[in-house]
Amino acid sequence: AATRPSAIRAAARGVPLEGVALAGALGCEKPARRWLQDVRDVHLEITGDDLLIAGVAEGPEIGRRLEAVLELRLDGELAEGRAAELAAALDV
């Protein structure tokens with residue numbers, strides 16, 4: 001079972017809320033509860049527009065960087081705040 005918040009998010013991606021609840025009822029209670037309570041509503045303060053303004057070329061690289069920063073934030077490896085997110089996005 002997934003234990004890191006980023007792994008829980010990856011496992012739950014595209015699964016309807018009812019599917020996560022069902023997984024919890026069928027034995028994956030801890031990760032399902034963690035996704036429902038702690039992970040699913042975490043969002044970045046920065047957007048792709050911020051990366052474009054900072055000089056990152058338009059394209060899939062922007063999404064890759066945003067995803068990497070979100071994983072860092074979910075796993076507690078990044079301080080909260082717009083400045084920390086932008087710095088991490090430009091560094092990954």
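The values are calculated or read from the model by the stated rules, or taken from the named source; none is laboratory data. This is a predicted model, so every value here is computed, not measured. Positions of Cβ are generated from backbone atoms using ideal geometry, with glycine treated the same way; all protein chains shown enter the neighbour counts. Accessible surface is based on the protein model in full, side chains and every heavy atom, while ligands, DNA and RNA are left aside. Shrake-Rupley method; radii C 1.70, N 1.55, O 1.52, S 1.80 Å.
Assorted remarks:
- Residue under evaluation Leu90, criteria (1) crowded, with 18+ Cβ neighbours inside 10 Å; (2) in contact (Cβ under 8 Å) with a residue 24 or more places away in the chain, criterion not met: (1)
- Scanning the range 1-13 for residues that are open to solvent by less than 80 Å² (accessible area, probe 1.4 Å) and either within 16 Å of Asp41 (Cα to Cα) or at pLDDT 90 or above (or both) turns up Pro5, Ser6, Ala7, Ile8, Arg9, Ala10, Ala11, Ala12.
- The residue that is nearest to the chain's Cα centre (by Cα), counting only those in the range 67-86 that are closer than 21 Å to Trp35 by Cβ and open to solvent by 40 Å² or more (accessible area, probe 1.4 Å), is Glu71.
- Applying the set (1) crowded, with 18+ Cβ neighbours inside 10 Å; (2) in contact (Cβ under 8 Å) with a residue 24 or more places away in the chain to Ala23 leaves exactly one unmet item: (2).
- Hits in the range 33-67 (condition: of a type in the set (A, V, I, L, M, F, W, C) and under 23 Å from Pro16 (Cα atoms)): Trp35, Leu36, Val39, Val42, Leu44, Leu66
- Residues in the range 29-63 that are surrounded by fewer than 15 Cβ atoms within 10 Å (Cβ to Cβ), touching a residue at least 24 places away in the same chain (Cβ under 8 Å) and in a helix (DSSP H, G or I): Lys30, Asp38.
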